[in-house]
Amino acid sequence: SYSMINTEDRWSPALRAISQVTQALEAEVSFGLTLFPDPTSNNVDSTEVNMCQSWGRDLYNCQEDVSACSPGRVLVQTEVNNSFSVREALNNYPPVPNQATPTYSALQAASEALLMEQSDSAEKVVILVTDGMPGCNFQNNPTTCTCLTSAPFFCEFDNFAGMCLDDNRTVQEVTRLTGLGIKTIVVGMTIGLPTEGPCISNNECASGGQACMNGGCVNLAPSVLSNMARAGGDPNGQYYSVDNLNEIEAQITRATASVAPCVFDIADIPEALYDRLVVYLDGDVVPKDENRMNGWWAERGVLEFYGNTCDSVRDGMSHRIAARCE
């Protein structure tokens, strides 16, 4: 969305992190890229325009709103050695004015691309990087929804359904992906949340993305992001939280690097030789650990790293791994 560069540059550190990690891991991980809204679309969905108008908003503004909410699109299909294509797409399509946050559609597009793959990969993952809460559902009632704009009561008084919080539908979509075997990792930039304070008349909150709870206006971003992370497969609802500009690059790096493999195929080494196997990570010997707590263990043609060793592999850097009989 345009907020990625509107008041401060959140885009550049995000782009740097994604570029660096995809380049480091491109030989082991198939990366693709979905951007939302679709930066190449000039189409305006007439059905959504009609839904927008049904709340009382005029045709011109509805066309603008629907355009800003153009459904997410896969710009780069997933494959190995793909970092250049990812970086090129990010460079070619920076945020521009009139771009909102159609998260639900982006998740749909990404999952459809993953499900079309013929890969036998054991893990399919969506890494969702967002600096705003999901919106762009024109079925939401603007007079009763949680409004995402900072302008007081803009959704209610201007019939602005496109800026209503679309958390329920989005969390349900993440849950659907989990059921299909697709994990969702959430990177949430909660930079510059409005100040929390007492509710105003009719138990309402003027600031965007807040709800009146027990007489106080509460920022919903942390709970919405946590619900998405929990639905995506983290039982504790942990997401990669970005509270200030300095954290963007590090947190996106951690999130993206977390998909680096810690499991390796050693089917060409007979199991009878595992006792003689010595494993190296960047030239250093990795301890063998039959308890599978920290180090490596191998069985049935598979070698896996555990604990700190796996964490080291998932630091977003390139690594050299070797296993040989000595």
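The values are calculated or read from the model by the stated rules, or taken from the named source; none is laboratory data. In this text, all values refer to a predicted model and were calculated from it rather than measured experimentally. Glycine also receives a Cβ, built like all others from the backbone with ideal geometry; neighbour counts cover every protein chain displayed. When the accessible area is computed, the model is the full protein with side chains, heavy atoms only, and any ligands, DNA or RNA have been set aside. Shrake-Rupley method; radii C 1.70, N 1.55, O 1.52, S 1.80 Å.
Just the residues that are polar (S, T, N, Q), modelled with pLDDT of 95 or more and either open to solvent by 50 Å² or more (accessible area, probe 1.4 Å) or more than 16 Å from Val129 (Cα to Cα) (or both), please, taken from the range 211-235. Step through it out loud before you land on a result.
Just the residues of the range 211-235 that are polar (S, T, N, Q), to begin with: 214, 219, 223, 226-227.
Then drop every residue that is not modelled with pLDDT of 95 or more, which leaves 219, 223, 226-227.
Of everything in the range 211-235, those that are polar (S, T, N, Q), modelled with pLDDT of 95 or more and either open to solvent by 50 Å² or more (accessible area, probe 1.4 Å) or more than 16 Å from Val129 (Cα to Cα) (or both) turn out to be Asn219, Ser223, Asn227.
Do the conditions hold for Gly56, that is, is it surrounded by fewer than 19 Cβ atoms within 10 Å (Cβ to Cβ) and modelled with pLDDT of 95 or more?
Working: surrounded by fewer than 19 Cβ atoms within 10 Å (Cβ to Cβ): yes; modelled with pLDDT of 95 or more: yes.
Considered against the rule, which asks whether it is surrounded by fewer than 19 Cβ atoms within 10 Å (Cβ to Cβ) and modelled with pLDDT of 95 or more, Gly56 comes out as yes.
Under 6 Å by Cβ, and 6 or more places apart or on different chains, what pairs join a residue from the range 14-33 that is closer than 15 Å to Met317 by Cβ with one that is open to solvent by less than 30 Å² (accessible area, probe 1.4 Å) and among the β-branched types (Val, Ile, Thr)?
Ala17/Ile252; Ala17/Thr253; Val21/Thr253; Val21/Thr256; Thr22/Val86; Val29/Val259
Do we find a residue being under 22 Å from Ile252 (Cβ atoms) and surrounded by 17 or more Cβ atoms within 10 Å (Cβ to Cβ) anywhere in the range 193-201? Give the steps one after another, and end with the answer.
Step one: list which residues in the range 193-201 are under 22 Å from Ile252 (Cβ atoms), which gives 193.
Now drop any that are not surrounded by 17 or more Cβ atoms within 10 Å (Cβ to Cβ), which leaves none.
No, every residue in the range 193-201 fails to be under 22 Å from Ile252 (Cβ atoms) and surrounded by 17 or more Cβ atoms within 10 Å (Cβ to Cβ).
Please go through the range 279-303 and pick out each residue that is on the phi < 0 side of the Ramachandran plot, open to solvent by 60 Å² or more (accessible area, probe 1.4 Å) and of a type in the set (D, E, K, R).
Matches in the range 279-303: Asp284, Lys288, Glu290, Glu299.
When you check Glu247 against the structure, is it of a type in the set (Asp, Glu), within 28 Å of the chain's Cα centre (by Cα) and either over 25 Å from Ser12 (Cα atoms) or open to solvent by less than 50 Å² (accessible area, probe 1.4 Å) (or both), yes or no? Working first, answer last.
On the way: of a type in the set (Asp, Glu): yes; within 28 Å of the chain's Cα centre (by Cα): yes; either over 25 Å from Ser12 (Cα atoms) or open to solvent by less than 50 Å² (accessible area, probe 1.4 Å) (or both): no.
Spelling it out, it is not the case that Glu247 is of a type in the set (Asp, Glu), within 28 Å of the chain's Cα centre (by Cα) and either over 25 Å from Ser12 (Cα atoms) or open to solvent by less than 50 Å² (accessible area, probe 1.4 Å) (or both).
Filter the range 68-89 down to residues that are surrounded by fewer than 20 Cβ atoms within 10 Å (Cβ to Cβ) and in a helix (DSSP H, G or I), then give me how many there are.
5
Limited to the range 150-174, what total is found for residues that are closer than 18 Å to Asn202 by Cβ, in contact with a helix residue (DSSP H, G or I) (Cβ under 9 Å, 6 or more places away or on another chain) and surrounded by fewer than 17 Cβ atoms within 10 Å (Cβ to Cβ)?
Residues that pass the stated criteria total 1.
How many residues are touching a strand residue (DSSP E or B) at 6+ places or on another chain (Cβ under 8 Å), not in a loop (DSSP other than H, G, I, E, B) and not β-branched (Val, Ile, Thr) if we restrict to the range 270-309?
Count: 17.
Results for (1) out of contact with any Pro (no Cβ under 8 Å at 6 or more places or on another chain); (2) in a loop (DSSP other than H, G, I, E, B); (3) of a type in the set (Asp, Glu); (4) closer than 29 Å to Gly307 by Cβ, shown as yes or no for each residue.
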{"residue": "Val186", "(1), (2), (3), (4)": "yes, no, no, yes"}
{"residue": "Ile191", "(1), (2), (3), (4)": "yes, yes, no, no"}
{"residue": "Pro194", "(1), (2), (3), (4)": "yes, yes, no, no"}
{"residue": "Gly237", "(1), (2), (3), (4)": "yes, yes, no, yes"}
{"residue": "Ser241", "(1), (2), (3), (4)": "no, no, no, yes"}
{"residue": "Glu247", "(1), (2), (3), (4)": "yes, no, yes, yes"}
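Can you work out which of the residues in the range 83-100 that are free of Cβ contacts under 8 Å to residues at least 60 places away in the same chain and of a type in the set (Ser, Thr, Tyr) is nearest to Ser41 (Cα to Cα)?
Tyr93
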